[in-house]
Amino acid sequence: MLRRRTLHLLLLTLTGLIILLGGCSRSAEDVKETTVPSTNVENVVLLSPKAPSLIPALLAEKKGSPDMKLKVETWDTIEQLLARIQNGNVPFVAAPLNLGANIAAKGLPLQLLHVNTWGSMYLISTSPDAHRLADLTNETVYIPGQSGPPDIVTRFLLRKEGLDGKIKLAYSTVPEMMQQLAAGTIKYAVLPEPMISGLRVKLDGRLYEVIDFQKAWRAQFGEDLPQTGIFVNREWAKTHTKEVAQFQIMYRDALNETVLRPEESLKLSAEAFGLPQAVLSAAMTKISLVYKDARDAKPEVERYFQILLQDAPESIGGRLPDAGFYYGL
């Protein structure tokens with residue numbers, strides 16, 4: 001069982017995952033396009049949140065390539081991310097898809113290279129008696145951030161099941177929600193992995209899955225729920241096509257190895273996440289890492305964006321991205 005100190009580390013080091021779950025329009029209002037100067041291709045930077053996309057990134061960094069050395073750095077807030085993009089020294093950025101679309105809509109030259117994380121978000125409960133949304137009638141579900149993807153997708157599922165208005169939604173921060181779940185002051189929440197696995201250990205297994213958003217999305221649309229991808233600076237990519245192709249290969253191979261043989265990736269990631277390797281290993285069974293090029297993922301990404309656009313257009317910059325948003329089109 002994790003001690004109190006371990007939970008504290010969990011809350012601190014995974015703060016960056018809040019960005020994966022929230023809206024982003026307020027922090028991306030006044031950005032302008034920046035042209036990126038030539039970067040030393042022997043040491044290109046990938047900027048990633050502390051989220052599942054970081055796991056294969058760290059393996060790609062370690063393995064490297066004869067033609068290109070990858071340096072992985074992390075970001076925790078939108079402000080940090082925007083500052084680095086505007087400085088023009090970051091060719092590659094891992095981010096939630098809606099955040100990338102929002103930033104691109106505001107004028108920064110981001111293009112989606114590929115999608116790597118699908119689903120990996122759950123409605124969970126400290127009660128074993130809830131097995132479906134209808135079981136939560138007249139209950140309150142806590143969501144990290146209003147008008148972000150978890151809020152919008154949850155509302156979408158409630159409408160589809162005729163439960164709109166029958167289940168109350170409340171909003172809080174991820175650390176506060178985790179503390180309240182651990183203390184027993186709230187029962188239901190929407191959270192991503194790997195933090196769910198960490199909290200489950202803290203609660204001696206007394207944390208139960210009510211809705212797997214990936215499964216619910218598949219049941220509705222017959223396709224996976226895209227969440228996070230890697231973007232390239234469009235101006236940099238124009239003069240570094242070989243490096244972009246090399247990066248794609250490096251990351252794809254690292255992702256596939258992470259899925260098939262996760263031990264090395266998890267050992268590298270444990271320190272970055274501030275979590276025991278065993279917790280990350282448990283979380284991997286609930287994290288869907290699948291590499292799909294932007295061209296191939298475009299239909300699924302657009303389906304997801306259309307749902308976001310209906311309920312919170314500001315979450316993707318007020319409009320669907322055009323074809324230029326997808327690298328290779």
Item to complete: Report the trypsin sites (Lys or Arg not before Pro) located in segment 89-166 that are in a DSSP loop and have at most 16 other Cβ atoms inside 10 Å of their Cβ, or state none.
Response: ARG132, LYS166
Worksheet item: Based on the Kirkwood radius over alpha-carbon pairs, what is the Stokes-Einstein translational diffusion coefficient of segment 121-221 at 25 °C with 0.890 mPa s viscosity, in µm²/s?
Response: 182 µm²/s
Response to the item:
Per the chain, sqrt(5λ) over the Cα gyration tensor eigenvalues, sorted largest first, in Å, gives 32, 23, 17
Worksheet entry | Violating pairs (Cα-Cα greater than 19 angstrom) within the set LYS166/LYS187; LYS71/LYS286; LYS202/LYS286; LYS50/LYS286 | LYS71/LYS286
Item to complete: Could you pull out every one of the aspartates and glutamates with an alpha carbon less than 17 Å from that of LYS160, ignoring same-chain neighbours closer than 8 positions?
Response: ASP135, ASP151, ASP212, GLU223, ASP311
Discussion item. Could you give the length gained by full extension between ASP293 and THR239, i.e. 0.36 nm per residue of separation minus their alpha carbon distance, to one decimal place?
Written reply: 17.5 nm
Worksheet item: Can you run phi through the Karplus equation (6.51, -1.76, 1.60; θ = phi - 60°) for segment 122-133 and list ³J(HN,Hα) in whole Hz, with x for Gly and Pro?
Response: 9, 8, 10, 9, 8, 9, x, 8, 9, 10, 7, 4
Fill in: Estimated Rh, segment 144-294: Kirkwood, alpha-carbon pairs, angstrom
18.1 Å
Discussion item. Give me a comma-separated list of calculated 3J(HN,Hα) values for segment 250-260, in order, Karplus coefficients 6.51, -1.76, 1.60 applied at θ = phi - 60°, integers in Hz, x for any Gly or Pro.
Written reply: 4, 5, 4, 5, 5, 5, 4, 5, 4, 5, 7
Response to the item:
Amide H neighbours of ALA170 at under 5 Å, excluding residues fewer than 5 places away on the same chain, with H built from the backbone geometry, are VAL141, TYR142, ILE143
Worksheet item: Once the Cα atoms of helix 174-183 and of the chain are each reduced to a long axis, what angle between those two axes, in degrees from 0 to 90 to the nearest 10, is obtained?
Response: 30 degrees
Discussion item. Given the options PRO194, ALA216, VAL153, identify the residue whose Cα lies farthest towards the positive end of the charge dipole of the chain (+1 on Cβ of Lys, Arg; -1 on Cβ of Asp, Glu).
Written reply: PRO194
Discussion item. Just to check I understand the Karplus step: with θ = phi - 60° and J = 6.51 cos²θ - 1.76 cosθ + 1.60, what whole-Hz values come out for segment 306-323, glycine and proline as x?
Written reply: 5, 5, 4, 5, 5, 9, 8, x, 5, 5, 10, x, x, 7, 6, x, 7, 4
Worksheet item: Taking the Cα-to-Cβ direction at THR140 and at ARG206 and moving 7 Å from each Cα, how far apart do the two end points lie in nm?
Response: 2.0 nm
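Every number here is computed from the coordinates shown, using simple stated rules; none is lab data. Keep in mind the model is a prediction, meaning the values are calculated, not measured. Cβ atoms come from the backbone with ideal geometry, glycine included; neighbour counts cover every protein chain shown.
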